[in-house]
1. Would you check which residues across the stretch 26-59 are more than 13 Å from Asn81 (Cα to Cα) and open to solvent by 80 Å² or more (accessible area, probe 1.4 Å) and list them?
2. Mind checking which residues of the stretch 85-112 are of a type outside the set (A, V, I, L, M) and touching a Leu at 6+ places or on another chain (Cβ under 9 Å)?
3. Tally the residues that are over 23 Å from Glu44 (Cα atoms) and surrounded by 14 or more Cβ atoms within 10 Å (Cβ to Cβ), restricting the search to the stretch 70-86.
4. Tell me, yes or no, whether the stretch 87-100 has at least one residue that is part of a helix (DSSP H, G or I), surrounded by 13 or more Cβ atoms within 10 Å (Cβ to Cβ) and in contact with a helix residue (DSSP H, G or I) (Cβ under 7 Å, 6 or more places away or on another chain).
Amino acid sequence: MRMNTQEAVLSAYIASIGKRTPREAAQDAAELCRLATSLNRLNEIACNSGLTKRQERRKQNLQTRIMAVLERTGLVLNHFNSDPRGYAVYLDLPDGSYNSFGGRECGYGIGR
């Protein structure tokens, strides 16, 4: 259920920026959530046993793909989080909304 909520919120913000149609905004939001969840899974593996070289490349590739989607949508990255207990990706939304204990300066987290 949380993922659907995150997708809906991101989709609304992407559409409100005006760079994407509502349909494209929904697709971009779903892709961002999926990529952030994959990144979070790699963070869990890194915490438990460390990453292989292949997994390191995958993590870098995921971060690059997330940056590409953000550039396309007009959203701004706050930071990537490597701690598996939190969200994997934090964004700065246009109105300053946040969903974590870090407050406004930490941003809006997506992922698990």
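The values are calculated or read from the model by the stated rules, or taken from the named source; none is laboratory data. Source: prediction; values computed, not measured. All Cβ positions, glycine included, derive from the backbone under ideal geometry; neighbour counts span all protein chains shown. Side chains are part of the model used for accessible areas, which takes the heavy atoms of the whole protein and leaves out ligands, DNA and RNA. Shrake-Rupley method; radii C 1.70, N 1.55, O 1.52, S 1.80 Å.
1. Selection gives Gln27, Arg34, Asn48, Ser49, Lys53, Arg54, Glu56, Arg57, Arg58.
2. Tyr90, Asp92, Pro94, Gly107, Tyr108, Gly109, Gly111
3. Residues flagged as over 23 Å from Glu44 (Cα atoms) and surrounded by 14 or more Cβ atoms within 10 Å (Cβ to Cβ) within the stretch 70-86 amount to 5.
4. no
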